[in-house]
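Following: one structure in structure tokens, then a few remarks.
The values are calculated or read from the model by the stated rules, or taken from the named source; none is laboratory data. These figures come from a predicted structure and were not determined experimentally. FYI the Cβ positions are ideal-geometry reconstructions off the backbone, even for glycines, and counts take in every protein chain you see. To get the accessible areas, we keep the full protein, side chains included, count just its heavy atoms, and leave off ligands, DNA and RNA. Shrake-Rupley method; radii C 1.70, N 1.55, O 1.52, S 1.80 Å.
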Amino acid sequence: MPTLADILDLANLLLSSAVAVVAFSLLAYVLAYNVRNRVGRAFAALLTFVLIVYTGDVILYLVAPEQADLWLRLQWLGIPFVPAAYFDLSDALLQTTNLVSRRRTRLVTISYLLSGLISVLAIFTNLIVQGGEATGNLYYLDPGPLFPLFVAYFFFISGYGLYNTYRVRQRCLTPASRRRMTYLMVAFLAPGL
């Protein structure tokens, strides 16, 4: 008889697989029909980084334990970019409401550069994450000395993106638009969580 840990492990695999499949499907759709639109490109970037993270989770179930550290580090090709892409999407949405800010757009570029630096540090050094461990089918990396800075960056940029999305909602003219932006705000909480 399966234990609770086995059931939760299977649920995690199924959820990670479902997120990866949906992210890939949405990404294919966005790239096929909205690649010329700034909001579409920003959304495609967010989907790409979410896809990298969740595909890594699925692959971890298929690899030998000694390869887990490599795949956990490769997930960092997506993890630090999720808040930057979310912030980029929120900036693109604000621009569609005619609220253009060069400072905010520069901050988007800086957030992508910081995400790239964090990604390189996480993959090639032990400053962000270090030493993988395994408990059953659960593999994880321990935090490195700079991990608290990453956490602060993650919450600051994600929070700023959420605030921008709230501002977009406030600028909506119709109840239907406000309702859709509310759905979008709630949906955007999921990747960060």
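Taking all protein chains into account, the per residue accessible area for the chain stands at 58 Å² (1.4 Å probe). If I build a Gaussian network model for the chain, linking alpha-carbon pairs within less than 10 angstrom, which residue out of LEU14, LEU121, LEU47 has the largest mean-square fluctuation? Its mean-square fluctuation being the largest, the pick is LEU14. Accessible surface of the range 1-129, 1.4 Å probe: 70 percent of it comes from carbon and sulfur atoms.
Computed extension length for LEU15-ARG104: 28.6 nm, one decimal, from 0.36 nm per residue of separation with the Cα-Cα distance subtracted. Length gained on full extension, LEU184 to ALA152: 9.2 nm, using 0.36 nm per residue less the C-alpha separation. Calculated from the structure at hand, Rg/Rh (Cα atoms, Kirkwood Rh) is found among (i) 0.97; (ii) 1.01; (iii) 1.10 as (ii). In this label model, TYR166 and LEU31 are separated by 3.5 nm, measuring between points 7 Å along each Cα→Cβ vector.
Rolled with a 1.4 Å probe across the full set of protein chains, the surface gives THR182 an accessible area near 50 Å².
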